[in-house]
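A quick write-up on the structure given underneath.
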Amino acid sequence: MKICTSCLERFSAPNWKCPACQYSPIRMDRILSFAPDLAEANDGFSPSDFAKLANLEAGHFWFRSRNRLIIWALKRYFPEAENFLELGCGTGFVLMGLERAFPHLQLSGGDAYSVGLKYASDRLSRTALYQLDAKSVPFEGEFDVVGAFDVLEHVEDDVAMLFSMRNAIKLGGGALITVPQHPFLWSALDECSCHKRRYSRQDLLKKVKSAGFEIVRVTSFVTSLFPFMMLSRFIQKKKPKENFDAFMEFKINPVLNRFLEGFLKIEGQLLKTGLSFPVGGSLLMVAKRV
């Protein structure tokens, strides 16, 4: 079901012209724009970072490992899903992996930033893309699964986004969520990345439940590299924050990059057995709408 962002009418027409008020969203090439006031700038992310991300993601161990985890979780917990929406899809790297892994899954992606969506549009061949506000998703009961991967921490009112996610999910459907974990790891990297917070497990559980979800699985990941993360954050705190380069952490020697990815591959295999880790750089949560 579609929701008119002008008058809030619910409708199921094949196009986006509201039958009540005749409103239609702006079309930017193949992208429909529902929140044009957020398209160029807001406080959730730096638009200039999208170009850097687009060049780094495909080769970096962390992004590659997270994609494998997301693909596995979608197959494991929602094997009957027919459609999927990613909120905060950025440059489309996750959706690119999903296009390859799920040739019959109907995919959609939404992001506030038009610049990120332009990269996604170039990368993706069959995904519907929307420029939107994640706190006001223009769908109701539409998707089997909605994903938000390292997005909630960028949103001031993360609970409003969780409610919006739930509203877009069909009864019996669910959500896949990843967030950075452990507030004590807060550093200049979080500040430069426009994070509003890092999550404790209990904080995320409380917020997701309050939005009307039932928790299916929660586990830390990037656990095997946790000691290195703690050391890195400790060093960051000792350095002046002026002129801090948030992307220095992504510039890794290729041999070391493969070595670290190998650690996370082993970790991923352990997660697939049902083992859940209590600590790690990030949290994965699987939840169902109730």
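Values for this structure:
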quantity	calculated
Which listed residue, of Ala20, Ala13, is among the aliphatic types (A, V, I, L, M), surrounded by fewer than 17 Cβ atoms within 10 Å (Cβ to Cβ), touching an Asp or Glu at 6+ places or on another chain (Cβ under 9 Å) and part of a loop (DSSP other than H, G, I, E, B)	Ala20
Positions within the stretch 57-77 being surrounded by 21 or more Cβ atoms within 10 Å (Cβ to Cβ) and in contact with a strand residue (DSSP E or B) (Cβ under 7 Å, 6 or more places away or on another chain), in sequence order	Arg66, Leu69, Ala73, Leu74
Residue that is farthest from Ala287 (Cα to Cα), among those in the stretch 172-222 that are in contact with a Leu (Cβ under 8 Å, 6 or more places away or on another chain) and β-branched (Val, Ile, Thr)	Val222
Residue within the stretch 109-131 that is more than 22 Å from Glu57 (Cβ to Cβ) and at pLDDT 95 or above present	no
Any pair with Cβ under 8 angstrom, 6 or more apart, that starts in the stretch 252-264 at a residue that is more than 11 Å from His60 (Cα to Cα) and ends at one that is aromatic (Phe, Trp, Tyr)	Leu264/Phe61; Leu264/Trp62; Leu264/Phe221
Top-ranked residue in the stretch 142-163 [being of a type in the set (Gly, Ala, Ser) and crowded, with 23+ Cβ neighbours inside 10 Å; ranked as farthest from Phe11 (Cα to Cα)]	Ala148
From the options Gly90, Gly97, residue that is in contact with a strand residue (DSSP E or B) (Cβ under 8 Å, 6 or more places away or on another chain) and either at pLDDT below 95 or not acidic (Asp, Glu) (or both)	Gly90
Test: residue in the stretch 165-173 that is farther than 15 Å from Phe213 by Cα, more than 15 Å from the chain's Cα centre (by Cα) and buried (at least 18 other Cβ atoms within 10 Å of the Cβ)	no
Some residue of the stretch 43-54 being modelled with pLDDT of 90 or more and among the acidic types (Asp, Glu)	no
Flag if Gly280 is in a loop (DSSP other than H, G, I, E, B), at pLDDT 95 or above, of a type outside the set (Val, Ile, Thr) and under 26 Å from Leu74 (Cα atoms)	yes
Considering residues of the stretch 96-117 that are more than 27 Å from Gly212 (Cβ to Cβ) and touching a Ser or Thr at 6+ places or on another chain (Cβ under 9 Å) only, the residue surrounded by the most Cβ atoms within 10 Å (Cβ to Cβ)	Leu117
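The values are calculated or read from the model by the stated rules, or taken from the named source; none is laboratory data. Since we're looking at a predicted model, the values are computed, not measured. All Cβ positions, even for glycine, are placed from backbone atoms using ideal geometry, and neighbour counts span all protein chains on display.
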